Amino acid sequence: MSNSLEDIIKQKIRDEGPMSVGAYMALALGHPEHGYYMKRDPFGRAGDFVTAPEVSQLFGEMIGAWVVDIWRQLGEPARFVLLECGPGRGTLMADMLRVGKGVPGFLEAAEIYLLEMSSVLKAKQKRALAGHNVKWIEKIGDIIPTGLPVISVANEFLDALPFKQLVKMEDGWADRCIVLDGDRLKFGVGNKRYTYQSSFLSKPLREGKVGDIYEDAGDRLTFVKILALILQKQTGAALFIDYGYIEDGLGDTFQALKGHEYVDVLSHVGDADLTSHVDFGIMRGGMDVSISGPVTQGEFLKALGIGLRAQMLAQNADEKQAEMLEKGLHRLVDSDQMGTLFKVIGFWSHDDPAVKPAGF
Ligand code: SAH
C-alpha cells in the first residue's frame with residue numbers, strides 16, 4: 001500500500017534518478033509533514049521501540065550524576081549550556097535535572113538547550129520539563145553565540161542521522177540507492193563509481209569484494225566534529241550513547257523498527273523508525289579534543305555505580321517497584337540486553353587538564 005510520502009519519494013526518483021540511502025532516510029524520518037519523527041511519539045510499549053531512559057529512571061540518574069561531576073570538574077561555572085541532542089520524550093533530561101536539583105548552584109547555572117526537529121516531540125518535552133526554562137535549537141551551531149561552557153548528552157541520536165551505503169561493483173564502489181522497479185521501491189546503485197586505492201583507506205574499503213556493503217556516516221561524523229570544535233573553543237564535555245561497533249567493517253546495518261519488530265526498510269515509509277549502527281571507532285579519529293572510550297554501556301553504567309543506586313532505591317520501594325528496578329537494571333547493563341551492543345564515548349576540551357570524565 002502506498003502512502004503520500006512513498007508517492008513523494010517515487011516521484012522524486014522518477015524526476016531525479018536513484019536516491020541515496022541517506023536522502024531516503026532523511027525524508028522518511030524528517031519530511032516536514034510526513035516524516036516518521038514529525039508526526040508521532042514513537043517510544044514505549046505502544047510505540048515502536050523503547051530507549052534506555054524509558055526503560056528505567058536509573059539511566060537518567062546515572063547520566064545526571066555524570067553531568068554534575070563534569071560541572072564540578074569544570075569549576076562549577078556560574079552559567080553553562082546543558083544540551084541534549086534528540087531528547088525524545090524529555091525523560092532523560094527530566095531525570096538528570098532531578099539529580100541536579102540536589103546539587104547547590106547546579107540548576108541555577110544550567111541553561112537548558114534541546115536540539116530537536118520534531119514539533120510533536122517538542123510538545124512532549126515541554127510537558128516533561130514544565131517548570132524549567134528550556135530553549136529549543138535547530139542546529140548544533142546555535143549554541144555558539146552563548147560562548148558558555150557546554151555539557152552535552154545524546155542517547156540514540158546519532159543512529160537517527162542519515163548515513164551513506166556504498167556497494168562494491170566490478171568497476172569500483174557505487175552509492176547504494178533506492179530505485180524503482182515498476183511502481184515498487186527497491187535497492188539499486190547510483191551511476192558514479194569510486195575507485196579507492198590509497199593505502200590510507202580503511203581496510204574494508206581496500207579489501208571489499210563485489211557485492212559487499214560499506215557504511216559511511218559522514219553526517220554523523222560532521223555533527224560530532226562540530227560539537228568537538230565548540231567544546232574546544234567554549235570548554236566542556238559531551239557524551240554519546242548509541243548502538244554500534246568499534247571495529248570498522250563491511251556489512252549492512254540499515255534497519256527499520258515498527259511495533260517492536262524489524263520490518264523491511266523500504267516498506268512503511270515514514271511509519272517505521274530507520275537507523276543504522278553507529279561507527280564508534282571512526283569517532284576517535286581527527287577530533288581536536290580529548291576522548292574517552294568507547295566502552296560498553298554496561299561497563300560505563302557499572303563504573304558510575306548503577307548497582308549501588310538500584311540498591312538504594314530498592315530500600316524504599318515496595319515489592320513491585322523493587323522488581324521493576326531490578327528488571328530495568330538488568331536490561332540496561334546485561335550483555336544479552338542493552339549492556340554490550342550499546343557503546344558510550346566521551347569528549348572533553350583538552351584545555352582542561354583537570355577534567356576527567358567518569359565511567360571510562
Ligand atoms: N534520546 C531519546 C530519543 C531518541 S530517538 C531517548 O533516548 O529516548 C531520536 C531523537 O532525535 C528524537 O527526539 C528525534 O526527533 C530526534 N532527531 C532525529 N533526527 C534529528 C535531527 N536531524 N535533528 C534534530 N533532532 C533529531
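Read the figures in this text as sums done on the coordinates, not as results from a lab. Remember, predicted model here, so these are calculated numbers, not experimental data. Using ideal geometry, Cβ is built from the backbone for each residue, glycine included, and neighbour counts are taken over all protein chains shown.
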* **Cβ-defined net charge surrounding D69, 12 Å radius [Lys, Arg +1; Asp, Glu -1]** => +1
* Within 10 Å of each residue's Cβ, count the other Cβ atoms and sort D273, D7, D212 from fewest upward. => D7, D212, D273
* Amide hydrogen neighbours beyond the local backbone of K135, cut-off 5 Å, H modeled -> I112, Y113, L114
* With Rg and the Kirkwood Rh both taken from Cα atoms, where does Rg over Rh land for the chain? -> 0.98
* Taking segment 48-134 as the region of interest, what is the percent of Cα-Cα pairs per 10 angstrom bin, listed from the shortest bin to the one with the maximum distance? -> 17, 52, 27, 4, 0
* To do: Nearest 5 is fine: what % of DSSP beta bridges in the chain come out antiparallel, could you say?
  => 60 percent
* **Whole-angstrom Cα spans of segment 226-330 along principal axes, big to small** => 47, 43, 25
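So what is the 222 nm mean residue ellipticity for the chain from helices alone, if each DSSP H run of at least 4 adds -39500 (n - 2.57) and you divide by all residues, rounding to the nearest 500 deg cm²/dmol?
The helix contribution divided over the chain gives -10000 deg cm²/dmol.
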* To do: Give me the Debye-computed log₁₀ of I(q)/I(0) at q = 0.14, 0.20 Å⁻¹ for segment 152-212, equal point scatterers on Cα only, no solvent, two decimals.
  => -0.56, -0.85
* Given just the C-alpha atoms of segment 151-252, how large is their convex hull per residue in cubic angstrom? -> 139 Å³
* Structure fact -> Rounded to whole angstrom, the alpha-carbon centroid of segment 274-308 lies from that of segment 143-185 at a distance of 19 Å
* Alpha-carbon radius of gyration plus Dmax, which is the widest Cα pair, for segment 277-323 in Å -> 16.9, 50
* Structure fact -> For segment 230-236, Karplus-derived ³J(HN,Hα) couplings (6.51, -1.76, 1.60; θ = phi - 60°; whole Hz; x for glycine and proline) come out as 5, 4, 4, 7, 9, 6, x
* Structure fact -> Semi-axes of segment 27-180 from the Cα gyration tensor (sqrt of 5 times each eigenvalue, largest first, whole Å) come to 33, 19, 15
* To do: Over the alpha-carbon set of segment 196-285, work out the extent along each principal axis and list the three values in angstrom, largest first.
  => 43, 36, 18
* Cα-Cα over 29 Å, subset of K164/K343; K12/K168; K192/K225; K101/K122; K10/K203 -> K10/K203
* Asked: In whole percent, what relative contact order does the chain give with Cα contacts below 8 Å and a gap of six or more residues?
  -> 20 percent
